[in-house]
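Peer 1: There's a structure below that I have some questions on.
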Amino acid sequence: MVVDDHPMWREGVARDLAEAGFLVVATSGEGRQAIRVAAAVRPDVVVLDLQLPDISGVEVVVGLRAALPDVRVLMLSASGEEQSVLDAVKAGATGYLVKSTAPAAFLDAVRRTAAGDPVFTPGLAGLVLGEYRRLAAGPGQGTTGDAEPGMPRLTDRETEVLRLVAKGMSYKQIAQRLGLSHRTVQNHVQNTLGKLHLHNRVELTRYAIERGLDD
């Protein structure tokens, strides 16, 4: 699903996606409408502009995640401002690209987002991880990977995969590093998300960094 208030841009993105083999189930130019439509058509991925005429893209992310907890949201915005990126990710966006991204890189980002990989314009991933490290350094945050009281215990393999997720590695890279199939890595990540009651890889990355698993 493509959400952008500029008709030419919105239809152009939808056309590029369709020509690349994606099924575009809906488009929308307004945030509230996008949330209603998404709840009906249930897209796997929403490509979402940050600036919309009625509510902000960040508010749309919150609404989408409330209606569809498993949806993956790729922000596509003209703004690369630090606070905009952090607000979007904290709301639940899976990734964030600026609109100057090349078409081929954008299509690859959509594929990776669909696979659950957090995708960011170069330079923004470091910003997000840096913010998570700053939060993790606050009072009362854990610094070890040991199981906490009341927290589910992860298997050794799940912990190993979690460490590599925290380093920003893609499923493909993790699979190559550990000699596993792409599907097996996905299964480990999904199992870990379920055990920890998290929703996506961005939340999982924050969890791991807060516990010092990215060292």
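Peer 1: Checking residue 199 against (1) touching a Leu at 6+ places or on another chain (Cβ under 8 Å); (2) open to solvent by 70 Å² or more (accessible area, probe 1.4 Å); (3) modelled with pLDDT of 80 or more, only one condition comes out false. Which one?
Peer 2: Result: residue 199 passes all but (3).
Peer 1: Which count do you get for residues in region 171-196 that are buried (at least 17 other Cβ atoms within 10 Å of the Cβ) and of a type outside the set (A, V, I, L, M)?
Peer 2: Adding up the residues that qualify gives 4.
Yes/no per residue for (1) within 28 Å of residue 66 (Cα to Cα); (2) at pLDDT 80 or above; (3) among the small types (Gly, Ala, Ser):
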| residue | (1), (2), (3) |
| --- | --- |
| 125 | yes, no, yes |
| 129 | yes, no, no |
| 133 | yes, no, no |
| 152 | yes, no, no |
| 156 | no, yes, no |
| 161 | yes, yes, no |
| 173 | no, yes, no |
| 178 | no, yes, no |
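Peer 1: Out of curiosity, is residue 111 at pLDDT 55 or above and either surrounded by fewer than 18 Cβ atoms within 10 Å (Cβ to Cβ) or part of a helix (DSSP H, G or I) (or both)? First the steps, then the outcome.
Peer 2: Numbers: at pLDDT 55 or above: yes; either surrounded by fewer than 18 Cβ atoms within 10 Å (Cβ to Cβ) or part of a helix (DSSP H, G or I) (or both): yes.
Answer is yes for this residue.
Peer 1: Tell me which strands (runs of 3 or more DSSP E) are completely within region 5-105 and hold 1 or more residues being modelled with pLDDT of 95 or more, open to solvent by 10 Å² or more (accessible area, probe 1.4 Å) and at negative phi, or say none if there are none.
Peer 2: On the way: elements: 45-48, 72-77, 95-98.
Result: 45-48.
The values are calculated or read from the model by the stated rules, or taken from the named source; none is laboratory data. No experiment lies behind these values; they were computed from the predicted model shown. Heads up, the Cβs are rebuilt from the backbone with ideal geometry, glycines too, and the neighbour counts pull from every protein chain shown. Side chains included, ligands, DNA and RNA excluded: accessible areas come from the protein's heavy atoms. Shrake-Rupley method; radii C 1.70, N 1.55, O 1.52, S 1.80 Å.
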